[in-house]
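Contents: one structure, followed by commentary.
What follows is calculated from the coordinates using simple rules that are stated; it is not laboratory data. Source: prediction; values computed, not measured. Positions of Cβ are generated from backbone atoms using ideal geometry, with glycine treated the same way; all protein chains shown enter the neighbour counts.
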Amino acid sequence: MIVAACDSNQDNLSYMQYHSSAKINSEREAAFSIRSHGVPFGVLKEQQDLPNPAELLLGAFAACCLKNVQRFSEILGFSYDNASIEVTGERQEKPTKIAAIRYTIQIDGVVGKLNAELLHKNLRKFGTIYNTLKETCDVSGELLIFP
């Protein structure tokens, strides 16, 4: 057995922890698991019907934003019929990384008084995935509200 380890939490602070595991087999079928849910992902060019790791990252960003729309609807006292988000990532080649993320959040059927600027500020300030990604790439977007 060969073990290679990396410990980036050297200051021993207390943090909320998340866990995921992933597997790939000899036929190049890959999936990761979170709690009791398995999510397949593509590792070969022929697997274009499956999300690739970069698309999964953008999906996590989208989920983070929409989770916070729900959270702040309760805090700020408004209701809505639907919320959606479109996310685009721009990949840099050397070194390979996501260089920019652009998003548009749309909230439809808003009932109640809503300060859109405050909501957008809170979405940018309190999103775990949002805050993680803004430290490594340019993140920008807009919030559209429809009554």
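On each of the three principal axes of the Cα atoms of the stretch 16-79, give max minus min coordinate, whole Å, ordered largest first.
51, 25, 16
With runs of 4+ DSSP H residues as the only contributors, calculate the mean residue ellipticity of the chain at 222 nm using -39,500 (n - 2.57) per run, divided by the residue total and rounded to the nearest 500. Mind showing how you got there, number by number?
Values: 3 runs with 42 residues, N = 147.
Per the formula, -9000 deg cm²/dmol.
Tell me, in nm to one decimal, what length is gained between LYS113 and GLU27 on full extension, where the rule is 0.36 nm per residue of separation less the Cα-Cα distance? The partial results should precede the final answer.
Details: separation 86, 0.36 × 86 = 30.96 nm, distance 5.41 nm.
Answer, rounded to one decimal: 25.5 nm.
Stokes-Einstein D for the chain at 20 °C, 1.002 mPa s, Kirkwood Rh over Cα pairs, in µm²/s? All intermediate terms of the calculation are to be shown ahead of the outcome.
On the way: Rh = 17.8 Å.
It diffuses with D of about 120 µm²/s by this estimate.
Based on the Cβ-Cβ distance from ARG71 to ALA100, what FRET efficiency comes out when R0 is 30 Å, to the nearest 0.05? If you can, show how the numbers build up before the last one.
Values: r = 26 Å, r/R0 = 0.85.
Using R0 = 30 Å, I get an efficiency of 0.70.
Measure nothing but the geometry: give the 0 to 90° angle between the long axis through the Cα atoms of 53-76 and the longest principal axis through the Cα atoms of the chain, rounded to 10°.
30
Output the peptides 45-51, 92-98, 62-68 sorted from most to least packed, where packing is the average of other Cβ atoms within 10 Å over each peptide's residues.
Result, highest mean first: 62-68, 45-51, 92-98.
Would you kindly derive the ³J(HN,Hα) couplings of the stretch 131-147 from the backbone phi angles with the Karplus curve 6.51 cos²θ - 1.76 cosθ + 1.60 (θ = phi - 60°), listing them in order in whole Hz, with x for Gly and Pro?
5, 5, 6, 5, 6, 10, 8, 6, 10, 8, x, 9, 10, 10, 10, 10, x
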